[in-house]
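Report on the structure given below.
The values are calculated or read from the model by the stated rules, or taken from the named source; none is laboratory data. Remember, it's a predicted structure, so these values are computed and weren't measured experimentally. So basically every Cβ, Gly included, is an ideal-geometry build from the backbone, and we count neighbours across all protein chains shown. Each accessible area value is taken on the protein alone, full model and side chains, heavy atoms only, with ligands, DNA and RNA left out. Shrake-Rupley method; radii C 1.70, N 1.55, O 1.52, S 1.80 Å.
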Amino acid sequence: MKKKILAVLLCGAMVCAMTACQGNDTKEAGGEEGKELEKLTFVLDWTPNTNHTGLYVAQEKGYFEEEGLEVEIVQPPEDGADALVASGKAQVGVSFQDTMAPGVTGENALPTTAIAAVVQHNTSGIISRKGEGMDRPKGMEGKKYATWDAPIEKAMVQNVVEEDGGDFSKVELIPSTVTDEVSALKSQSVDAIWVFYAWAGIATEVAGLETDYFAFKDINPAFDYYTPVIIANNEFLEEEPDTAKAFLRALEKGYQDAIEDPDGAAQILCQASPELDEELVKASQEYLADQYQADAERWGYIDPERWNAFYSWLNENGLSETEIPQDAGFSNDYLPQ
């Protein structure tokens with residue numbers, strides 16, 4: 001009798017132990033028994049902001065774990081996210097079509113590919129104090145523009161000024177030291193600043209500063225390029241295409257949640273980055289809810305015609321050392337179908 005009782009107890013203990021082990025395996029695998037989570041490193045382009053909300057939502061809600069992934073989010077090094085992804089130290093990250101241009105082809109080509117659009121249309125443009133004539137590009141004549149002194153940047157500003165009948169040589173270019181657009185405009189240290197309206201433009205609204213603004217894409221359709229984008233290391237894409245697809249499936253869910261519930265998404269971003277201004281994050285999130293996917297058939301889709309139009313403009317204006325071929329630097333093959 002004692003032997004039977006002991007056998008039952010041992011059997012029960014073994015079942016409990018096996019159940020506990022299975023529970024740990026399931027947790028590690030995001031629901032797939034016996035398989036550990038695959039680790040990926042994602043590098044931001046800057047400090048956390050609402051361009052990145054879908055990433056943080058996917059992480060908080062366990063969407064990556066459901067796909068068998070463990071994603072580490074890291075800040076970019078001094079030489080940027082592109083370099084880290086190109087080196088393979090991060091598999092995925094954030095970049096921009098314009099800054100990708102020098103590395104798309106030629107001797108300096110980087111082994112990276114844009115695999116998803118974070119925001120469907122270019123929301124960048126020039127912001128200025130209201131009523132000073134810079135609601136249109138020609139109004140920049142005689143005004144101080146904070147420049148990064150980048151060839152593509154200056155060529156774009158020159159293009160929109162001249163398209164509006166202005167004289168670009170009359171625009172006063174001063175080295176940009178702007179870290180706070182609201183303070184820079186209020187102090188009048190600068191008159192015109194290139195901003196992404198979803199963040200810096202909304203920041204002026206939250207601060208109660210009245211401004212004028214024009215978007216580059218409204219002046220020249222070729223400037224409706226993709227910024228920002230998700231990039232991936234080419235070797236990673238070649239060797240682990242299913243992992244890349246799994247990552248984008250989870251990420252797409254995060255951005256769809258941000259579209260459907262911007263307030264809830266904003267709270268998740270603020271919890272992940274408590275240093276952020278909550279009022280600004282919520283206002284920016286409301287703005288971007290209509291911009292992430294906009295008129296595209298699905299989140300993340302990159303329109304080849306628009307992608308090529310911008311690089312063709314660079315080619316035509318001698319802004320690329322090597323001519324950029326059609327469809328270079330991006331792929332829609334890893335997006336959820």
Taking the conditions exactly as written (more than 22 Å from the chain's Cα centre (by Cα), in contact (Cβ under 8 Å) with a residue 60 or more places away in the chain and part of a strand (DSSP E or B)), does residue 212 satisfy them or not?
yes
Which of the following residues is surrounded by fewer than 23 Cβ atoms within 10 Å (Cβ to Cβ), more than 27 Å from the chain's Cα centre (by Cα), part of a loop (DSSP other than H, G, I, E, B) and not acidic (Asp, Glu): 133, 139?
133
Which residue, of 223, 216, is farther than 30 Å from residue 69 by Cα, open to solvent by less than 20 Å² (accessible area, probe 1.4 Å) and touching a Lys or Arg at 6+ places or on another chain (Cβ under 7 Å)?
223
Kindly indicate the residue of the range 273-296 that is touching a helix residue (DSSP H, G or I) at 6+ places or on another chain (Cβ under 7 Å) and polar (S, T, N, Q) and also farthest from residue 180 (Cα to Cα) among those meeting that condition.
293
Evaluate the range 213-234: report whether one residue or more is touching a strand residue (DSSP E or B) at 6+ places or on another chain (Cβ under 9 Å) and of a type in the set (Lys, Arg).
yes
Just checking, how many residues over the range 142-157 are open to solvent by 20 Å² or more (accessible area, probe 1.4 Å) and under 31 Å from the mean Cα position of the chain (by Cα)?
9
With respect to the numbered conditions (1) open to solvent by 10 Å² or more (accessible area, probe 1.4 Å); (2) of a type outside the set (D, E, K, R); (3) farther than 16 Å from residue 55 by Cα, which one is the sole condition not fulfilled by residue 311?
(1)
Say whether the condition of being open to solvent by 50 Å² or more (accessible area, probe 1.4 Å), over 27 Å from residue 98 (Cβ atoms) and assigned to a helix (DSSP H, G or I) is met by at least one residue in the range 250-261.
yes
For residue 105, all conditions in the list (1) β-branched (Val, Ile, Thr); (2) under 30 Å from residue 240 (Cβ atoms); (3) out of contact with any Pro (no Cβ under 7 Å at 6 or more places or on another chain) hold save one; what is the number of the exception?
(3)
Any idea how many residues of the range 153-187 are in a loop (DSSP other than H, G, I, E, B) and in contact (Cβ under 8 Å) with a residue 24 or more places away in the chain?
8
Exactly one of (1) open to solvent by less than 70 Å² (accessible area, probe 1.4 Å); (2) part of a loop (DSSP other than H, G, I, E, B) is unmet by residue 275. Its number?
(1)
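Output the residue which, of all residues in the range 281-307 that are among the aromatic types (Phe, Trp, Tyr) and in contact with a strand residue (DSSP E or B) (Cβ under 7 Å, 6 or more places away or on another chain), is farthest from residue 158 (Cα to Cα).
If we take residues in the range 281-307 being among the aromatic types (Phe, Trp, Tyr) and in contact with a strand residue (DSSP E or B) (Cβ under 7 Å, 6 or more places away or on another chain), then 301 is farthest from residue 158 (Cα to Cα).
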Please tell me if residue 205 is part of a helix (DSSP H, G or I) and either without any contact (Cβ under 8 Å) to a residue 24 or more places away in the chain or closer than 23 Å to residue 96 by Cα (or both).
no
Please verify whether residue 205 is over 28 Å from residue 309 (Cα atoms), in contact with a helix residue (DSSP H, G or I) (Cβ under 9 Å, 6 or more places away or on another chain) and surrounded by fewer than 21 Cβ atoms within 10 Å (Cβ to Cβ), treating the condition exactly as stated.
yes
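Residues are listed down the side, and each one gets a yes or a no for (1) of a type outside the set (Gly, Ala, Ser); (2) more than 30 Å from residue 159 (Cβ to Cβ):
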residue	(1), (2)
57	yes, yes
96	yes, no
103	no, no
116	no, no
In the set 310, 247, which member is part of a helix (DSSP H, G or I) and touching a strand residue (DSSP E or B) at 6+ places or on another chain (Cβ under 8 Å)?
247
